[in-house]
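The values are calculated or read from the model by the stated rules, or taken from the named source; none is laboratory data. Worth saying up front: this structure is predicted, and the values here are computed from it rather than measured. Cβ coordinates were reconstructed from backbone atoms using ideal geometry, including for glycine residues, and neighbour counts include every protein chain displayed.
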Amino acid sequence: MAETRAYIGRTQRVMLAIGLLPLLAALLSAIGSVPARPPNLAAQVAARMGDSGVTHPLTAVLLNFRGYDTMLEIAVLWLAGLGALALAPGPSAQRGRPHPVLAGLLRVLAPALVMTAGYILWAGGFRPGGAFQAGAVLGAGLVLASLGGVVHLDPARGLQCLLGLGVAVFTGVAVWSWAQTGELLHYPGTTDKWAILAIESMAALSIAFILLTLFDRLTSPSTSLSTSLSSSPPPPPAA
Amino acid sequence: MPDAGFSSAWLAAPIAVPLLAAIGVALLSARLRAGVCALGAVGTAVASFVVLARVAAAGPLRHNLGGWGAPLGIDLFADGLSVLMLAMTAVLGCAISLYASGYFEHARERQSFWPIWFLLWTGLNALFLTADLFNFYVTLELIGISAVALVAMEGGPVALSAAVRYLFMAMLGSLAYMGGVALVYAQTGALDLALLEGRLGEGPLGQAALALLIVGLLAKTALFPLHLWLPPAHSSAPAPVSAALSALVVKASFYILLRTSFGAFSDNALAAVGPILGILGGLAVLWGSLQALTQDRLKLMIAYSTVAQVGYLFLLFPVAMPGAGDAAWQSKAWIAGIFHALSHAAAKGAMFMAAGAILHAVGRDDKNSLRGLGERMPVSVSALAVAGISIMALPPSGGFIAKWMLLVAAVRTGQWWWAPLMIGGGLLAAGYVFRMVKFAFYATPAHAPPLHAVPRRLEYTALVLALIALGLGLASVFPIAVAAIGAPFPENWFTEAL
Amino acid sequence: MTLPLAFDVFLCAMLLGLAARTLFSRTLFQGVMFFVVYGLVMALAWARLNAPDIALAEAALGAGITGALLFSAVRALRDRGDREEES
């Protein structure tokens, strides 16, 4: 078995590191001049917390004050899933029977991961947590489950709907709030808490399946991507 | 500005419509796809032109998303510059959608292309309409990742390695930009461009922030010497994607730089950065043109031409920056830069579309395979030649108006040394366009293989775009008047300049 | 030096050391292994910064899924190397 060496040799890497050190020093000295109490919006966030529908400032910023950023970010994550499907549209490889250790681990870990993800999602309303973290944990659980042969990814329309669910619900809420209040993403009245909860839970679900899709598409030995990558010569140098 | 018939919330329409189209085309059944795509493209264009008409009639618009308002929330903002970019994206977007509807042959390609393309369109419109430094980052990600995915969807080893290189450059650029935004926030506690007015680039922290922002944006705009990723990515993508990348995507990061430098940058920072950007732009014009002159493949030649034409965009910085001389001519240089972005979009879109039609018909795009196409594919060859007129900056094309205004402004502000560079760049452009197009007028080789049938809309979309690039020079009054709306120069300078 | 501070300094030193080992490892496999460990230590650092949710996400993404993807990339490259040696 051939040992896989990096394309960039060690000497080159050391030279690169030495070359980048002055830049790092300049950046660090700039960061050193950040005032001890930098100006920020914490006071304004605190002043408007009562109108946000949640009690944790991070969630208030991400889902309400700057909810538009988050809507586009979830679209970016969806895009990553779409991109992986576009690169490798074929059926998944049948993975063999899982190793007994993995199967045993899965039996213990899978329910725990689902519970943790659900808790992190709910906790986002009042303490650190939320859709992205919950989706990451759930996604890791799904990847484990797919390695164990419990979950089998089928790139059909059902999967497309799961991947797009988060962004669809977010956009739907945005358009609905527009119709209700005349302002995009201005959750009317006391619906803010429920709007945020709906967005976050659907987004968490989508993020988890996007992560599973990324893993499955890019590692399935049968997909066109991995055959294309492993049969192609290394890229020619730039013109 | 309160108005019974028009709410500022309509600013969100050019973003919401393509996003809904992307969701619809991905989630609905394939039978509805053609309808959703047509509706999405036309709807987005209509929304964009409604915003354009409103801004042209009543001046700049601002909308507080969620009703919060800056600095807590994010604001959408549109002035003349934003709506011109929006209109450019709408015209190119419709043309690309029409072209793509005839280009992809396999169901799998269509399924991959449409949602990602509408997300790219969403990202472009969102970028042109935001007033928030961090929101720019999110839209840049949307644009960058969809662009990489569209390059990679072709699937072959060449396209994949080009896409990976593009991805690395886009990620490094995003990282640098993001670092810059973090430092700006640490220094000022604000992200809204109006609140940052004149504050970027003060002190060592501000300079570090600015350096990161600029390097990140230059990498994404592919300004020399950060252009190496562009030719392989733009030339190996499917034709409608190449058109979108060269016509629109490189303009997005340029727009951020233009928007922030005239406004948010402090005068000192702009005076320090302007000449550097100008010199890099000049080098890009020379280097890109010379490379284009030596290419033997049509699509690579067009891609290197983009490297050169991007360079022209940056010549506006030294000429328009404060203290550069006569104020009226500074504003004229600024408008010239915007006008160049518009006419280059139409011309370059047309060229890549024509090249795609030729590649489809002949199967190859090296210069010898062009022989005889003048009589066998007259529409596509005309599109190439007409678009070439604008790239060479011959009258009456849009490219001519833009470069002529820039040239006169450079001379009038005492920076005559840019003039020979611009003229030289035009001559080189004539060289590389003629060198390629002349093969089309050679006799058809005796044993030339028959051409594959090309859907008519491919050739005619390219021709229409080329004619738009040509006609922009004749219809330049309206865009120039719109560009002056909310421009960062006193109004009277514009009346003088016109 | 108090105990929490000592732990934080230790974490920082670990992170820098692991980053260097990742960059300068002899084989890709080794590099990916160090990268995964780096992700786990990074998760600890997030936990020390009072962000347990980000710590979990870092462990799941940085160490878990990214690690798995990188390992499979190394395997794909190794398989290609094997084929090239056979031919």
Tally time: how many residues in the range A:140-190 are among the small types (Gly, Ala, Ser), in contact with a Leu (Cβ under 8 Å, 6 or more places away or on another chain) and either more than 14 Å from chain C (Cβ to nearest Cβ) or surrounded by 21 or more Cβ atoms within 10 Å (Cβ to Cβ) (or both)?
7
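On the basis of being surrounded by 24 or more Cβ atoms within 10 Å (Cβ to Cβ) and either free of Cβ contacts under 8 Å to residues at least 60 places away in the same chain or more than 10 Å from chain A (Cβ to nearest Cβ) (or both), does B:Leu129 make the cut?
Working: surrounded by 24 or more Cβ atoms within 10 Å (Cβ to Cβ): yes; either free of Cβ contacts under 8 Å to residues at least 60 places away in the same chain or more than 10 Å from chain A (Cβ to nearest Cβ) (or both): yes.
For B:Leu129, the condition - surrounded by 24 or more Cβ atoms within 10 Å (Cβ to Cβ) and either free of Cβ contacts under 8 Å to residues at least 60 places away in the same chain or more than 10 Å from chain A (Cβ to nearest Cβ) (or both) - is met.
Residue check: is B:Ser397 closer than 30 Å to B:Asp326 by Cα, touching a residue at least 60 places away in the same chain (Cβ under 8 Å) and buried (at least 22 other Cβ atoms within 10 Å of the Cβ)?
Working: closer than 30 Å to B:Asp326 by Cα: yes; touching a residue at least 60 places away in the same chain (Cβ under 8 Å): yes; buried (at least 22 other Cβ atoms within 10 Å of the Cβ): yes.
Judged against the criteria, B:Ser397 is a match.
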When the range B:63-90 is examined, which residues are found to be without any contact (Cβ under 8 Å) to a residue 12 or more places away in the chain and either more than 9 Å from chain A (Cβ to nearest Cβ) or charged (D, E, K, R) (or both)?
B:Gly69
Determine whether the range B:443-463 contains at least one residue that is modelled with pLDDT of 90 or more and of a type in the set (Gly, Ala, Ser).
yes
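Quick one: which of B:Tyr166, B:Tyr177 is in contact (Cβ under 8 Å) with a residue 24 or more places away in the chain, hydroxyl-bearing (Ser, Thr, Tyr) and more than 13 Å from B:Ser253 (Cα to Cα)? Write out each step before concluding.
On the way: B:Tyr177 fails: more than 13 Å from B:Ser253 (Cα to Cα).
On inspection, the qualifying residue turns out to be B:Tyr166.
Working only within the range A:29-52, note down all residues that are over 30 Å from A:Tyr187 (Cβ atoms) and facing another protein chain (nearest Cβ under 10 Å).
Step one: of the range A:29-52, the residues over 30 Å from A:Tyr187 (Cβ atoms) are A:29-38.
Across the range A:29-52, the qualifying residues are A:Ser29, A:Ala30, A:Ile31, A:Gly32, A:Ser33, A:Val34, A:Pro35, A:Pro38.
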Give the residue that is surrounded by the fewest Cβ atoms within 10 Å (Cβ to Cβ), with candidates limited to residues of the range B:186-237 that are β-branched (Val, Ile, Thr) and within 30 Å of B:Lys299 (Cα to Cα).
B:Val215
When the range A:115-126 is checked residue by residue, the ones that are at pLDDT 85 or above and either among the polar types (S, T, N, Q) or touching a helix residue (DSSP H, G or I) at 6+ places or on another chain (Cβ under 6 Å) (or both) are A:Thr116, A:Ala117, A:Ile120, A:Leu121
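Output the residue which, of all residues in the range B:414-429 that are in contact (Cβ under 8 Å) with a residue 40 or more places away in the chain and part of a helix (DSSP H, G or I), is surrounded by the fewest Cβ atoms within 10 Å (Cβ to Cβ).
Residues of the range B:414-429 that are in contact (Cβ under 8 Å) with a residue 40 or more places away in the chain, as a first pass: B:414-415, B:418, B:421-422, B:424-425, B:428-429.
Cutting the leftovers down to part of a helix (DSSP H, G or I) gives us B:418, B:421-422, B:424-425, B:428-429.
Details: B:Trp418: 22, B:Leu421: 20, B:Met422: 18, B:Gly424: 14, B:Gly425: 24, B:Leu428: 20, B:Ala429: 27.
Across the range B:414-429, the extreme among qualifying residues is B:Gly424.
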Taking the conditions exactly as written (more than 8 Å from chain A (Cβ to nearest Cβ), exposed (fewer than 15 other Cβ atoms within 10 Å of the Cβ) and polar (S, T, N, Q)), does C:Thr2 satisfy them or not?
yes
